[in-house]
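Taken together, the values in this text are just the output of simple stated rules run on the coordinates, not laboratory data. This is a predicted model, so every value here is computed, not measured. Because the Cβ atoms are built from the backbone with ideal geometry, glycine has one as well, and the counts that use them run over all protein chains shown.
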Amino acid sequence: RKMLYKIRTFFPFDLFPDEITIDSIKVNHISHIFFFTEQVNTYLLENIKSITMEIFLLFSRLIFFDDKTLTTGVVIGPFLKKDALRAYNIIQGLMASLKRKVDTTTIETERDINKIAQIGMVSAS
């Protein structure tokens with residue numbers, strides 16, 4: 001599967017920056033715990049119940065709620081605000097497309113990704 005988007009947490013606030021990668025069916029959260037050590041958590045888009053974005057002055061955090069973390073959520077951040085917003089819109093667009101049974105596995109170009117992000121902006125409103 002082609003990676004649609006990738007963001008990293010902001011370095012001085014996170015000594016071992018985490019990453020989020022998004023493809024057409026899942027979101028990977030890669031936690032860098034120490035040098036050369038990482039933990040990968042995968043969230044299938046079909047299992048994500050909701051996603052929330054907390055916005056601060058310059059930074060944002062994303063919070064994922066799925067079947068297992070329905071009450072507490074998984075908090076990931078801090079990200080630069082523009083990067084978190086783009087990831088949030090892409091994930092919202094993919095989730096909305098899946099609910100409508102749209103095939104998202106053929107997304108390849110930046111134009112397709114922009115369309116998905118636009119769907120995400122509309123569905124989040």
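Figures for the structure shown
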item: Cα coordinate range in the range 1-47, projected on the principal axes (Å, largest first); result: 32, 17, 17
item: Rough spin-label spacing in nm, given labels placed 7 Å along Cα→Cβ, for residue 26 and residue 39; result: 1.7
item: Selected from 51, 104, 7, residue furthest toward positive end of dipole (the chain; charges at beta carbon); result: 104
item: Alpha-carbon Rg/Rh ratio, for the chain, with Rh computed the Kirkwood way; result: 0.95
item: Principal axis dimensions, the range 49-96 - Cα atoms, whole angstrom, descending; result: 30, 23, 10
item: Number of Lys pairs (Cα under 19 Å; 8 or more positions apart or on different chains) in the chain; result: 17
item: Full-extension gain in nm, residue 108 to residue 80, via 0.36 nm per residue minus C-alpha separation; result: 7.6 nm
item: Most to least packed among 48-57, 76-85, 32-41, 90-99 [average Cβ atoms within 10 Å]; result: 90-99, 76-85, 48-57, 32-41
